1. Before we move on, is residue 469 in a helix (DSSP H, G or I) and surrounded by 15 or more Cβ atoms within 10 Å (Cβ to Cβ)?
2. Residue check, residue 230 against (1) modelled with pLDDT of 90 or more; (2) in contact with a Gly (Cβ under 9 Å, 6 or more places away or on another chain); (3) of a type in the set (D, E, K, R); (4) closer than 18 Å to residue 150 by Cα, all met but one. Which one?
3. Would you say residue 171 is of a type in the set (Lys, Arg), in the same structural domain as residue 45 (by TED's automatic domain parsing) and modelled with pLDDT under 90?
4. In the list 536, 523, 481, which residue meets the criterion of being touching a helix residue (DSSP H, G or I) at 6+ places or on another chain (Cβ under 7 Å), among the aromatic types (Phe, Trp, Tyr) and surrounded by fewer than 22 Cβ atoms within 10 Å (Cβ to Cβ)?
5. Looking at (1) surrounded by fewer than 21 Cβ atoms within 10 Å (Cβ to Cβ); (2) closer than 19 Å to residue 512 by Cβ, can you tell me which one residue 191 breaks?
6. Kindly provide the set of residues from region 10-31 that are modelled with pLDDT of 70 or more, under 15 Å from residue 91 (Cβ atoms) and crowded, with 16+ Cβ neighbours inside 10 Å, ordered by number.
7. Among (1) touching a residue at least 40 places away in the same chain (Cβ under 8 Å); (2) surrounded by fewer than 22 Cβ atoms within 10 Å (Cβ to Cβ); (3) at positive phi, which single condition is residue 544 missing?
Amino acid sequence: MRIVDKQLRTVATRIEGTPQKKVDDANVLEILAAVGDKSGRDSIKTLVELQQPGMTRQQQFDVAKAGLSKSEKADIETLLDTPGFTFAPKAKNFLEALVGRAALQQGGGGLPPPATGITADTAGIRGRLEAGVTVEAINLSSAPDLRLHLEDTKEIGKADGQGQFALDANKITGTDAMTRLSAGDVIRIRGRRPDGTTTDWIDLKVQGRDTTNAQFNPLRVTITDDKNGKVGLTHNSTRPITEPGAQLRFINLRTGDMVNVTADKDGSIPKNLQIAGKAGDAIAIAVSDGVNNTDLKTISSTMTVIGGASDVDIGDDPTLHKDELKADGSAMYPLKRYTGPLFIDGVKSSDVRQGALGDCYFPSACGAVAHQMPKAIENAITETTNAAGEREFNVRFYSRSGRMEMITVDADLYTRSWGGPIYGTTTGSNDPAKMELWFPILEKAYAKWKGSYDKIGNGGSAADVMTALTGKSTTSMSTAYDSSDDIFNAIKAAGDKKQPMAAGTFDDEKKYANTGVYGDHSYSVLGAEETGGKKYVLLRNPWGESEAGSDGKNDGYFKLEMSKFMKLYDDVSVLRA
């Protein structure tokens, strides 16, 4: 079936992929929108017009007829004449009348909107919610590869007084929650009312030819030896592993045993999932979205079962966070020796990447010091060799009283099944022989100094960390008491003087809906600037990704207008000169 018009082809291809290949009234409304577009008005705007309350059949027909081109007329004739398609009577009459094969049947009102009220294709998203709501959405197909929770939506538009909205794809993509609008993607959408309450979630698929398979994020799966010949497969995060409805196959490459599961509506796997195996086995994972890789022969990831004897000495390494300990108190993750360089091209804020530990205050402070005073970190870590010929690192910290304290650690780091440290890492390679070590070493030493990873992994103070790294005290400003100008000027002056800074957000998740900024989180402050008459604060998310902006880099760096900074941030800590 050869259909030239792109919008018509998208609708026809979707119908062709259904079991009955039936063209119903809702389909015809989309077809009418596709052929009714003309100069200055695209198909999305046409669809909104066609769905206006009170539109008659004749009025809908007139809108479509006015925009119908010769090639579109030929496309509709092709659709009508292609064997295998069936048509609802009302739908067939509309199309035949449009190409001059029949008279338009009157009466009965106009064609209804699509059954769900909302449709999406690669051109955009359109439909009906409640009147006046803000439309927000998240792409659940791209979310597994991003550091997003299911509620980390993006505002993509507004509904009008009748609840209608029509959004161009080019205007709704570009940031974390909606990085793309590709055929086959699962989009979760809802409306947010002026009072902050929301409508129910609606999940829909982007229509069109699906060529992109479901993602799988191995970081969010822990594979452990459950003894008695069983291996446990656990979702270790509140973030999605894959897209809803994806088919997953876990295969023990040693034994050939496998288990198949379907991801739930939140992209998770069943609890207490097991497969035959033991410590050291390699488990391969294949994924299919139901269209691509349907035979599950293409492997997405291979992970090693945690457990068994370790080839490193535990010694006096800091204990894991309680969330990474088994019921008997033993470690869920093994230690692995890393042999990469301590520094690569010196110390930079971009080196810092927070791991699976609730210590954002620590990497944000390290990133701030790395940006303004890199030598303070380079001078704080000394590499040595112990009596056994093993590599060690002496890390200098300062207590609040100014006393210097030295902490000695090695480069043995708790490591995930897929490879790479469970906690702090770098934005470069996670290969144990190549990974830059200064930040993981610094975090490990801080955990040892304070008592354990659990001691530092439940929140803390970025100001205390900046003091611990430099020996200098800090001062703070509050957005509740200090003016916007005073805070901007102080940040600008501190940045010019190379004074490290960090800022914290409020512990109120509702405040951060669709902002790209996260509540109860700490950020490195890199400075301030005035551009085009507007004032901005320069920031970095210590995750090394997920930012309030759309520069396309997703590296954690962004700038925020001062008015937004004052609304979203609670305080700023500045190291004294």
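1. Spelling it out, residue 469 is indeed in a helix (DSSP H, G or I) and surrounded by 15 or more Cβ atoms within 10 Å (Cβ to Cβ).
2. So residue 230 meets the others, but not (4).
3. no
4. 536
5. Condition not satisfied by residue 191: (1).
6. 11, 12, 14, 15, 23, 24, 25, 27, 28, 29, 30, 31, listed by residue number.
7. Every listed condition holds for residue 544 apart from (2).
Each row is one residue, and each column tells you yes or no for (1) in a loop (DSSP other than H, G, I, E, B); (2) at pLDDT 95 or above.
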| position | (1), (2) |
| --- | --- |
| 260 | no, yes |
| 270 | yes, no |
| 275 | no, yes |
| 278 | yes, no |
| 287 | no, yes |
| 303 | no, no |
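The values are calculated or read from the model by the stated rules, or taken from the named source; none is laboratory data. Predicted model, so just to flag it, every value in this text is computed and none were measured. All Cβ positions, glycine included, derive from the backbone under ideal geometry; neighbour counts span all protein chains shown.
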